[in-house]
Structure formats: C-alpha cells, structure tokens
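The values are calculated or read from the model by the stated rules, or taken from the named source; none is laboratory data. These numbers were taken from a predicted model, which means no experiment stands behind them. Reconstructed Cβ throughout: ideal geometry from the backbone, glycine too, with neighbour counts over all protein chains shown. We work out accessible area using only protein heavy atoms, side chains counted, and drop any ligands, DNA or RNA first. Shrake-Rupley method; radii C 1.70, N 1.55, O 1.52, S 1.80 Å.
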Amino acid sequence: MKTLKLTTILMLLTFATGQMFSQNVDLGTEKEAVLKVMKTYKDALQNLTTEGTFELFTKDSEVFESGGVEGSYAHYIEHHLGPELGHFKKFEFSDYEIDAEVDLPYAFTTETYIYTIVLNPDDEGNSRTIKKKGVATSVLKKIDEKWKIIKTHSSSRNTK
C-alpha cells in the first residue's frame, strides 16, 4: 500500500511540474513570425530604405559582413549600408531561399540568394551593375513576444 501511495504521489508531482514548465507554443506559427521579420528586412533593402527596420533588431545587435565586424545594426546603417543605399538605383534579390529553425527563445535562419545592384549613373551617365551570390545567417531572439535579430552575418562571392 505504501508503494502505491508513493507511486501515485510521484506521478501527480511529475504531471503537475510537467504542466507548469511546458509551453503551449505552436512552432509553425513561431517560424512564420521569424520568416516575416526576415522578409520585412529583405523587402526594405529592395525598396532602398531602412525605414521600419530598426525595430527588427535589438539595440545591442551585431552585424558581420564579408569578414568585417560592422557593429550594431544602428552603426551599420549609419556608417555602411545607409550611405550605400543612396548610390543604388536598384537592389534586387533573386533565387532567394530561406530556412528557419525555432528553438525557443531563439531562432536561426540561413538565406541564400543572388543579389543584383544597379548603381546610379555617374556624372557622365555611366551606370554599373554588380551581381553576386550571397548567403546570410541570423540569430533571432523572442523578446517581449516579438522576434528580434540579435546577430546577422552575410557574405558574397562572384556568380559563376
């Protein structure tokens, strides 16, 4: 009888603590939310703007690009990407694929793509097109019910 009582108590304790620590999370919904963050960022770049992108990143985010440490997203925009966008006539992604894995409270993405940049014409009316194959990996964290990019790294090479 003692064994039956002990077994029952242990089972109830296991069930109660299991329920307390379990998460009622739909990982498919979380993955879609992560993909939406990444799409918002990609669409902004293609529209040659940074408007609405600062809220996609944490204040202490880290950006790495082609072997360089760019600092936080705010620093990256102010000193690198922001000024560059002003020189672009077009920035377009093609052959774009993304994979996302959610492991709460983090998510990990890998993007592969070809990007084409058409530069604004120079004083003589000449324009230049840059076409490269790229890959980017990002780490996102769910903070206050919103997915934010905390680290991102991209690199590229010439297309073959």
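The figures follow:
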| read-out | value |
| --- | --- |
| Computed [θ] at 222 nm, helices only, for the chain once each DSSP H run of length n ≥ 4 contributes -39500 (n - 2.57) | -9500 deg cm²/dmol |
| Qualifying aspartates and glutamates (Cα of each under 19 Å from Cα of residue 132; at least 8 residues distant if same chain) | 43, 65, 84, 92, 95, 97, 111 |
| Cα-centred dipole magnitude for region 47-86, charges only on beta-carbon of K, R (+1) and D, E (-1), debye, nearest 20 | 20 debye |
| 19 Å Cα-Cα threshold exceeded, pairs from 59/151; 39/160; 131/151; 31/131; 59/146; 31/90 | 39/160; 131/151; 31/131; 31/90 |
| Region 32-160: Cα Rg divided by the 2.2 N^0.38 Å rule of thumb | 1.07 |
| Accessible surface, the chain, averaged per residue in Å² (probe 1.4 Å) | 68 Å² |
| Cβ-placed point charges (K, R +1; D, E -1), dipole of the chain about Cα centre in debye, nearest 20 | 660 debye |
| Difference of contour (0.36 nm per residue) and Cα-Cα distance, residue 43 to residue 116 | 24.9 nm |
| Label point distance in nm, residue 158-residue 25, each placed 7 Å from Cα along Cα→Cβ | 4.4 nm |
| Extreme residue, positive dipole direction of the chain, given options 37, 71, 93 (C-beta unit charges) | 37 |
| Portion, in percent, of the accessible area of region 54-110 that falls on carbon or sulfur, probe 1.4 Å | 49 percent |
| Where GluC sites (Glu not before Pro) in DSSP loops with at most 10 other Cβ within 10 Å are excluded, longest remaining stretch of the chain | 52-123 |
